[in-house]
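Notes follow once the structure below has been shown.
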Amino acid sequence: MRNAASNLLTPSQSCLVLVDVQEKLAAVMSRREELIARCAVLLRTARALQMPVLWCEQAPRALGPTVRELRELLDGQKPFEKTAFSCCGAEGFLPRLEASGRRAAVLCGIEAHVCVFQTAVDLLNRGFDVHVIADAVSSRTEENKAVGLGRMSAAGAVVSSTEMLLFELLRDARHEQFKELAAMIK
């Protein structure tokens with residue numbers, strides 16, 4: 001397996017995985033507003049840079065749909081419904097990821113120590129480079145978020161931030177999307 005930490009991501013090799021940012025779950029997350037705002041930046045970035053988005057919901061009948069602010073950015077897409085904590089356990093998720101041809105997965109969502117963690121480990125075990133966006137994941141407590149990020153890092157995931165990822169994907173201030181995307185983080 002490559003050392004993901006030593007490789008810069010490119011839009012053509014990356015996809016975004018949005019994990020379970022659903023109404024009932026999001027309502028009890030630490031720093032809820034920041035989580036949703038950062039996930040929205042990532043969704044807009046993925047759309048602008050033509051990166052596929054894979055979107056999951058954990059038991060949506062019980063936990064509700066994805067929050068409106070993010071659902072509106074996912075026009076025309078349908079979520080993968082799951083009962084497994086890892087997105088890899090959702091029917092159709094892995095075939096769609098494999099069909100995308102992308103070998104790097106950028107993860108955001110909730111909860112960092114449960115569904116995001118298990119998704120990260122499953123993807124790492126399947127040979128994907130995994131980048132977890134620390135300011136775009138949350139848990140009910142900051143302690144659980146920190147433990148989740150630590151375990152993902154120890155397993156081989158790259159822990160990054162929204163701003164770091166944005167500039168990593170753009171690489172150059174002359175990029176045609178630079179002004180539009182950079183304005184989202186100012």
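The numbers here are math on the coordinates, done by the rules we state, and not lab data. Here the structure is a predicted model, which is why all the values come from computation and not from measurement. Counting neighbours? That spans all protein chains shown, and the Cβs are built from the backbone with ideal geometry, glycine included.
Among 40-46, 102-108, the peptide with the highest mean count of other Cβ atoms within 10 Å heads the list, and the full ranking is 102-108, 40-46.
Under the convention that each Lys and Arg Cβ holds +1 and each Asp and Glu Cβ holds -1, the size of the dipole of the chain around its Cα centre is about 160 debye. Here the chain has an Rg and Dmax of 15.0, 46 Å, counting Cα atoms alone. Please name which of GLY127, ALA27, LEU181 has its Cα lying farthest along the dipole of the chain towards the positive end, using unit charges on Cβ (Lys, Arg +1; Asp, Glu -1) and the Cα centre as origin. Towards the positive end, the residue furthest out is GLY127.
Peptides 10-17, 91-98 ranked from most to least packed, by the mean per-residue count of other Cβ atoms within 10 Å: 10-17, 91-98.
Computed from point charges on the beta carbon alone (+1 for Lys and Arg, -1 for Asp and Glu), the dipole magnitude for segment 1-82 about its Cα centre is near 120 Debye. Sorting the segments 129-136, 81-88, 165-172 by their mean number of nearby beta carbons within 10 angstrom, highest to lowest, gives 129-136, 81-88, 165-172. If you sort the three axes of the alpha carbon gyration tensor as a ≥ b ≥ c, you get a/c of 1.5 or more for segment 14-102 and a/b no higher than b/c, which makes it oblate. Of the residues ALA136, PHE93, SER153, the one whose Cα sits farthest toward the positive end of the charge dipole of the chain, with +1 on the Cβ of Lys and Arg and -1 on the Cβ of Asp and Glu, is PHE93. Ordering PRO65, GLN13, HIS113 by the projection of their Cα atoms onto the charge dipole of the chain, which places +1 on the Cβ of Lys and Arg and -1 on the Cβ of Asp and Glu, puts GLN13 at the extreme positive end. Counting only residues at least eight positions apart within a chain, or on another chain, the aspartates and glutamates with an alpha carbon under 20 Å from that of LYS145 are ASP20, GLU23, GLU33, GLU34, GLU57, GLU111, ASP122, ASP135, GLU163.
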